[in-house]
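S.K.: Quick one: the structure is below, questions incoming.
The values are calculated or read from the model by the stated rules, or taken from the named source; none is laboratory data. In this text the structure is predicted, and so the values were computed from the model without any measurement. No Cβ is skipped: glycine too gets one built from the backbone with ideal geometry, and neighbour counts run over all protein chains shown. For accessibility, only protein heavy atoms count, side chains too; no ligands or nucleic acids. Shrake-Rupley method; radii C 1.70, N 1.55, O 1.52, S 1.80 Å.
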There are 2 protein chains.
Amino acid sequence: MANIQPLPSWNHSAAKSAILDLVARVTKEGGAEFVPPTGRIATFDNDGTLWCEQPLQTQFFFAFDRVKQLSAKDPTMSERQPFKAVLEHDYNTLFGLGKQALFELAFATHTGITDEEFVEIAREWLATAKHPKFGRLFKECTYRPQIELLAYLRENGFKTYIVSAGGADFMRAFVEEAYGIPRERVIGSSAKLRYDLANGQVSLVKLPELNNFGDREVKALSIGLHIGRRPLLAFGNSDGDLAMMRYTRSGPGPRLALLLRHDDAEREFAYDREFRLSPLSEALDKAADYGITVVSMKRDWKVVF
Amino acid sequence: MANIQPLPSWNHSAAKSAILDLVARVTKEGGAEFVPPTGRIATFDNDGTLWCEQPLQTQFFFAFDRVKQLSAKDPTMSERQPFKAVLEHDYNTLFGLGKQALFELAFATHTGITDEEFVEIAREWLATAKHPKFGRLFKECTYRPQIELLAYLRENGFKTYIVSAGGADFMRAFVEEAYGIPRERVIGSSAKLRYDLANGQVSLVKLPELNNFGDREVKALSIGLHIGRRPLLAFGNSDGDLAMMRYTRSGPGPRLALLLRHDDAEREFAYDREFRLSPLSEALDKAADYGITVVSMKRDWKVVF
C-alpha cells in the first residue's frame with residue numbers, strides 16, 4: 001500500500017519536492033514523460049549515502065577485526081605491514097602506506113575463501129559489531145530518510161540498486177535485511193573469482209586480485225554492464241559518485257541526481273573535502289552547473305537514524 | 001494467476017516431473033527444503049536453449065547484415081578479411097579464419113557506438129530480420145515450452161536470468177519482449193566501455209576490446225559477480241553450459257540442471273557434437289554422472305515454436 005504521506009522523515013524542502021516531482025512525472029500513465037516500470041532504475045551509493053561512513057567505512061572495521069582473527073593463527077602477520085599497523089591501531093601509519101597496502105589488507109581479509117564462505121563470515125561479524133560513536137550495530141547505522149526513499153521508489157515501480165566502491169560481497173551480507181535490496185542489485189568492487197572443481201563439487205573462490213574497483217567512472221561503466229539502462233535517479237555523497245550522477249542527468253526526460261551533504265555534526269558528522277577516503281569537492285562546487293540537487297542532512301532530514 | 005495445468009506444451013515425462021518437483025519442494029512454506037523468493041534463481045542459456053541457433057546463431061546474421069550496411073559507406077571493407085568472406089557468403093572461409101577473425105567481425109559490427117545506439121540498431125534489425133528456414137522473424141523463433149517454463153518459474157517467485165555467451169547488449173534488444181526477462185537479468189559477453197564526456201553530456205561507448213567472453217567457466221563466475229547467489233535451476237544445451245550446470249548442482253538442497261537435446265530434425269534441427277559453434281559432447285556423455293536431466297526436444301515437447 002502506498003504511503004499516504006510519503007517520506008515522513010524528510011522535511012518539506014526543495015530536495016523532497018524534486019523527488020516527489022520526478023516520481024509523479026515518470027509514473028503518470030498516458031503522460032508525455034511516462035516511463036514504464038522496466039525503465040525505472042534508481043542507483044544509490046552506499047557508504048555515506050545509505051549508512052554512516054565515519055570515522056571510517058564499516059568495511060575497514062571488518063577488515064581490522066579479521067586481521068586480529070587471522071593473526072591469531074598466523075603470528076607472523078603482526079610483523080608485516082599493513083597488518084602491524086592495524087594490530088597496533090596505528091591508523092596514521094596504515095593510511096600513509098598508500099593504496100597498494102590497502103589492497104593487500106583487503107585481499108588478506110576478503111579472499112582465499114569461497115564467495116559463500118565470505119558472505120557468511122561478514123554476516124556473523126555484522127550480527128554483533130558496533131559503531132564506535134553511536135554504540136549500535138553498524139547495520140543499524142542506516143539513514144531512516146533513505147530507507148523511506150528506497151521503499152517509496154519501489155512502491156512506485158522503481159528497481160533500487162546499490163552502486164558502490166565497497167566490496168559487493170560484503171554488502172551482500174546485509175543489504176536485504178537493511179535496505180530491502182536483493183543481493184543481485186548490488187554492484188560494487190570485486191575480486192576475481194576462480195572456478196574450483198574438487199571431488200565433483202564446484203565453488204567460486206575469491207582470488208587476491210582485483211576484478212574491478214567500483215569508483216568514479218567505473219560506477220557508470222558498471223551500470224552499463226550490469227543493468228544496461230541509464231538510471232532515472234542517482235544518489236551519492238562524494239566526488240566518487242559524480243560520474244554516476246552526470247551519466248544519470250545526461251539522459252532524456254526527467255532525471256534526478258542527488259548529493260547528500262554531511263553537515264550535521266550533532267546528529268551524525270560534518271565533513272566535505274576533509275575526509276580523504278571519500279572527499280566531496282568537485283561535486284559540491286559544481287552541483288548547480290551539473291544539475292545536481294544537494295541534500296543537507298541538517299536541513300532536509302527530520303531524523304537521521 | 002497460476003496455471004491450473006502448468007507447462008501445457010511439455011509432454012508428461014521425467015523432465016517435466018523433475019521441474020514440477022523442484023518448484024513444489026522449494027516453494028512449500030514450512031517445508032524443510034523451502035527457499036525464500038530472494039534465493040529462487042534460475043539461469044538459462046539463450047542460443048539453442050531459449051531460441052533456435054541453427055544454421056548459425058542469430059547474432060551472426062545480424063553481424064553479416066551490418067557488414068553489408070557498413071561496407072556501403074566504407075568500400076575497402078570488401079577487400080579485407082573477415083569482411084570479404086562475409087560479403088561473398090563464403091562461410092567456410094569465414095569460420096576457417098579462426099577465433100580472432102570472429103572477434104574482429106564482432107568488434108566491427110558491435111562497437112564504436114554507444115550502448116544505447118547499439119541496442120537501437122539491434123532492435124531495428126530484429127523488427128524485420130527473418131530466419132532462413134522457418135521464414136518467421138528471428139525473435140519469433142523462441143521455444144514455446146521454454147517461454148512457458150520461464151513464466152511458470154516467475155509465477156512461483158523465481159527470478160529468471162539469461163547467462164549466455166551471446167552479446168549482452170544484443171540480447172537486451174529483445175529479451176523483454178520475447179521472454180519477459182528485463183535487461184538487467186541478461187548476463188552475456190561484453191565489450192569494454194569508455195566513459196565519454198562531451199559537451200557536458202555523458203554516454204558509454206562500446207570499445208573494440210573484449211571485457212568478457214561469457215562461455216564455460218565464465219558463466220559460473222559471472223553468476224557470482226552479477227547475482228551473488230547459486231541458482232536452483234540451470235538450463236543449457238551445450239558443453240558451454242556445463243560449468244553453470246555443475247555449479248548449480250553443487251549447491252545444497254534441491255537443484256536442477258537441465259540439458260536440451262536437439263534431436264528433432266522434423267520440427268527444428270538435430271545435432272550434438274557436429275555443431276562446432278556450440279558442441280554437445282561431454283555434457284551428454286556425462287549427464288548421468290553429473291546429475292543432469294536431459295530434455296529431448298522430440299520426446300518431451302508437444303510443440304516447439
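S.K.: Local charge sum around A:Phe60 (other residues, Cβ-Cβ under 11 Å, Lys/Arg +1, Asp/Glu -1)?
M.R.: On the way: positive: A:Arg66; negative: A:Asp47, A:Glu53, A:Asp65.
With Lys, Arg at +1 and Asp, Glu at -1, the net is -2.
S.K.: Taking every DSSP beta bridge that has both residues in the protein assembly as shown, what percent is antiparallel when rounded to the nearest 5? Intermediate results must be reported in sequence, preceding the final value.
M.R.: Values: 28 of 68 bridges.
Here the antiparallel bridges make up roughly 40 percent for the protein assembly as shown.
S.K.: Checking an interface number: how much accessible area is buried between B and A, summed over both chains, with a 1.4 Å probe, in Å² rounded to 100? Please report the intermediate quantities before stating the final value.
M.R.: Values: alone 14160 and 14160 Å², together 24890 Å².
In total, chains B and A hide about 3400 Å² from solvent.
S.K.: Counting only helical runs of four or more DSSP H residues, what would the 222 nm mean residue ellipticity of the protein assembly as shown come to if each run contributes -39,500 (n - 2.57) and the total is spread over all its residues? Walk me through the intermediate numbers first.
M.R.: Values: 28 runs with 238 residues, N = 610.
Taken over the protein assembly as shown, the calculation gives -11000 deg cm²/dmol.
S.K.: Please list B:62-70, A:244-252 highest first by mean number of surrounding beta-carbon atoms within 10 Å per residue. Before the final figure, lay out the partial values.
M.R.: Values: B:62-70: 17.1, A:244-252: 22.4.
Going by the mean number of other Cβ atoms within 10 Å, highest first, we get A:244-252, B:62-70.
S.K.: How much of the accessible area of chain B, probe 1.4 Å, is carbon plus sulfur, in whole percent?
M.R.: On the way: 6420 of 12450 Å².
That fraction is 52 percent.
S.K.: Amide H neighbours of A:Thr114 under 5 Å, at least 5 residues apart or on other chains, H built in the peptide plane: list them.
M.R.: A:Lys206
S.K.: Still on this structure: Just to be sure I understand the rule: take each whole DSSP H helix in chain A, project its Cα atoms onto its long axis, keep it if the span is 18 Å or more and its mean Kyte-Doolittle hydropathy is at least -1.0. Which ones pass?
M.R.: On the way: long enough: A:14-27 (20 Å, 1.02); A:58-73 (24 Å, -0.09); A:115-128 (21 Å, -0.34).
Span-like helices, by this rule, are A:14-27, A:58-73, A:115-128.
S.K.: Sticking with this one: Using only alpha carbon pairs under 8 Å that are at least six residues apart, calculate the relative contact order of chain B and give it in whole percent. All intermediate terms of the calculation are to be shown ahead of the outcome.
M.R.: Values: 488 pairs, mean separation 68.5, N = 305.
With pairs under 8 Å counted, the relative contact order is 22 percent.
S.K.: Need one value for B:215-222: mean number of C-beta atoms belonging to other chains within 10 Å of its residues' C-beta atoms.
M.R.: On the way: counts 0, 1, 7, 2, 1, 7, 7, 1.
That average works out to 3.
S.K.: Tell me, for the rotation carrying B onto A, which chain B residue has the beta-carbon closest to the axis and what that distance is in whole Å.
M.R.: For the rotation taking chain B to chain A, the closest Cβ gives B:His226, 3.
S.K.: Modelled label-to-label distance, B:Thr76 and A:Leu197, 7 Å Cα→beta-carbon offset: nm?
M.R.: Result: 4.5 nm between the two label points.
S.K.: Could you report the range A:215-258's accessible area per residue, 1.4 Å probe, as an integer in Å²? Don't skip to the answer; put the middle values down first.
M.R.: Numbers: 930 Å² over 44 residues.
I get 21 Å² per residue for the range A:215-258.
S.K.: Shape call for chain A from the C-alpha gyration tensor, a ≥ b ≥ c root eigenvalues: rounded (a/c under 1.5), prolate (a/b greater than b/c) or oblate? Don't skip to the end; give the middle numbers.
M.R.: Working: a/c = 1.93, a/b = 1.53, b/c = 1.26.
Here chain A falls in the prolate category.
S.K.: Between B:Tyr91 and B:Lys302, 0.36 nm times their residue separation minus their Cα-Cα distance comes to what? Show your work: numbers first, answer last.
M.R.: Numbers: separation 211, 0.36 × 211 = 75.96 nm, distance 3.40 nm.
Answer, rounded to one decimal: 72.6 nm.
S.K.: Which of the GluC sites (Glu not before Pro) across the range A:242-305 are loop residues per DSSP, with 12 or fewer other Cβ within 10 Å?
M.R.: Details: sites: A:Glu266, A:Glu268, A:Glu274, A:Glu282; in loops: A:Glu266, A:Glu268, A:Glu274.
When the GluC sites (Glu not before Pro) of the range A:242-305 are filtered for loop state and at most 12 Cβ neighbours within 10 Å, A:Glu266, A:Glu274 remain.
S.K.: Sticking with this one: Which positions within the range B:229-258 get 50 Å² or more of their accessible surface covered by the other protein chains, compared to the chain by itself, with a 1.4 angstrom probe?
M.R.: Flagged in the range B:229-258: B:Arg229, B:Arg230, B:Arg246, B:Tyr247, B:Ser250.
S.K.: Give the relative contact order (percent, whole number) for the range A:1-153; include only Cα pairs under 8 Å separated by 6+ residues. Numbers along the way, then the final one.
M.R.: Details: 97 pairs, mean separation 45.1, N = 153.
Dividing the mean separation by the residue count of the range A:1-153 yields 29 percent.
S.K.: Now a separate question. How far, in nm to one decimal, is B:Lys130 from itself in the other copies if the label point is set 7 angstrom along Cα toward Cβ? Shortest first, please.
M.R.: Once sorted, the set of distances for B:Lys130 reads 7.3 nm.
S.K.: If you don't mind, there's one more thing I want to ask. Might you report the magnitude of the Cβ-based charge dipole of the range B:71-133 about its Cα centre, with Lys and Arg at +1 and Asp and Glu at -1, to the nearest 20 debye?
M.R.: 320
S.K.: Leaving out same-chain residues fewer than 8 places away, which lysines sit with a Cα under 19 Å from that of A:Lys84?
M.R.: A:Lys68, A:Lys73, A:Lys99
S.K.: Taking a label point 7 Å out from Cα toward Cβ, give me the nm distances from A:Glu104 to the same spot in the other copies, shortest first, one decimal.
M.R.: 4.5
S.K.: Taking K and R as +1 and D and E as -1, what net charge do the other residues with C-beta under 11 Å from the C-beta of B:Gly166 add up to? Please list the in-between numbers first.
M.R.: On the way: positive: B:Arg172; negative: B:Asp45, B:Asp47, B:Glu53, B:Asp169, B:Asp215.
Taking every other residue near B:Gly166 into account, the sum is -4.
S.K.: Further, regarding this structure: Placing +1 on the Cβ of each Lys and Arg and -1 on the Cβ of each Asp and Glu in the range A:194-305, which of A:Asn212, A:Ile292, A:Ser250 has its Cα farthest towards the positive end of the resulting dipole?
M.R.: A:Ser250
S.K.: Only four residue types carry charge here, +1 at the Cβ of Lys and Arg and -1 at the Cβ of Asp and Glu. Report the dipole size of the protein assembly as shown about the Cα centre in Debye, rounded to the nearest 20. Working shown, then result.
M.R.: On the way: 78 positive and 80 negative charges, 149 e Å.
For the protein assembly as shown, the charge dipole is close to 720 debye.
S.K.: Also: Can you tell me the relative contact order of the range A:161-305? Whole percent, Cα pairs under 8 Å, sequence separation 6 or more. Display every interim value, and only then the final one.
M.R.: On the way: 231 pairs, mean separation 23.3, N = 145.
Reported relative contact order: 16 percent.
S.K.: Going 7 Å from Cα along the Cα-Cβ axis for the label, what nanometre distances separate A:Phe213 from the same residue across the other copies?
M.R.: Going from nearest to farthest copy, the values are 2.9 nm.
S.K.: Using modelled amide H (1.01 Å from N, peptide plane; none on Pro or chain starts), what sits under 5 Å from the amide H of B:Gly188, excluding residues fewer than 5 places away?
M.R.: Residues meeting the amide H criterion: B:Ser164, B:Ala168.
S.K.: Among the chymotrypsin sites (Phe, Trp or Tyr not before Pro) within the range A:80-159, which fall in a DSSP loop and have no more than 16 other Cβ atoms within 10 Å of their own Cβ? Provide the component values of the computation, followed by the final result.
M.R.: Numbers: sites: A:Phe83, A:Tyr91, A:Phe95, A:Phe103, A:Phe107, A:Phe118, A:Trp125, A:Phe134, A:Phe138, A:Tyr143, A:Tyr152, A:Phe158; in loops: A:Phe134, A:Tyr143, A:Phe158.
Passing sites in the range A:80-159 are A:Phe134.
S.K.: Let a ≥ b ≥ c be the square roots of the eigenvalues of the Cα gyration tensor of the range A:79-220; is it rounded (a/c under 1.5), or, if not, prolate (a/b larger than b/c) or oblate?
M.R.: Oblate is the answer for the range A:79-220, as a/c is 1.5 or above yet b/c matches or exceeds a/b.
S.K.: Considering just Cα atoms, how many Å³ per residue does the convex hull of the range B:53-155 enclose?
M.R.: Details: hull volume 14.2 nm³, N = 103.
For the range B:53-155, the hull spanned by Cα atoms encloses 137 Å³ per residue.
S.K.: Also: Using the Cβ atoms and a cut-off under 13 Å, what net charge is assigned to the surroundings of B:Ala129, where Lys and Arg are +1 and Asp and Glu are -1?
M.R.: Numbers: positive: B:Arg66, B:Lys68, B:Arg123, B:Lys130, B:Arg136, B:Lys139; negative: B:Asp65, B:Glu124, B:Glu140.
It works out to a net charge of +3.
S.K.: What whole-number value in Å² describes the accessible area per residue of the range B:1-119 for a 1.4 Å probe?
M.R.: Accessible area per residue: 47 Å².
S.K.: Still on this model: Please give the residues from the range B:171-208 for which the solvent-accessible area of heavy atoms, probe 1.4 Å, is smaller by at least 20 Å² with all protein chains in place than with the chain isolated.
M.R.: Output list: B:Arg172, B:Glu176, B:Arg183, B:Glu184, B:Arg185, B:Leu193, B:Tyr195, B:Leu197, B:Gly200, B:Gln201, B:Val202, B:Leu204.
S.K.: Something else: Please sort by residue number the GluC sites (Glu not before Pro) in the range B:88-142 whose DSSP state is loop and whose Cβ has at most 16 other Cβ atoms within 10 Å.
M.R.: On the way: sites: B:Glu88, B:Glu104, B:Glu116, B:Glu117, B:Glu120, B:Glu124, B:Glu140; in loops: B:Glu88.
Within the range B:88-142, the qualifying GluC sites (Glu not before Pro) (loop, at most 16 other Cβ atoms within 10 Å) are B:Glu88.
S.K.: Let a ≥ b ≥ c be the square roots of the eigenvalues of the Cα gyration tensor of the protein assembly as shown; is it rounded (a/c under 1.5), or, if not, prolate (a/b larger than b/c) or oblate? Kindly include the intermediate steps, with their values, before the conclusion.
M.R.: Working: a/c = 1.63, a/b = 1.44, b/c = 1.13.
Since a/c reaches 1.5 and a/b is larger than b/c, the shape of the protein assembly as shown is classed as prolate.
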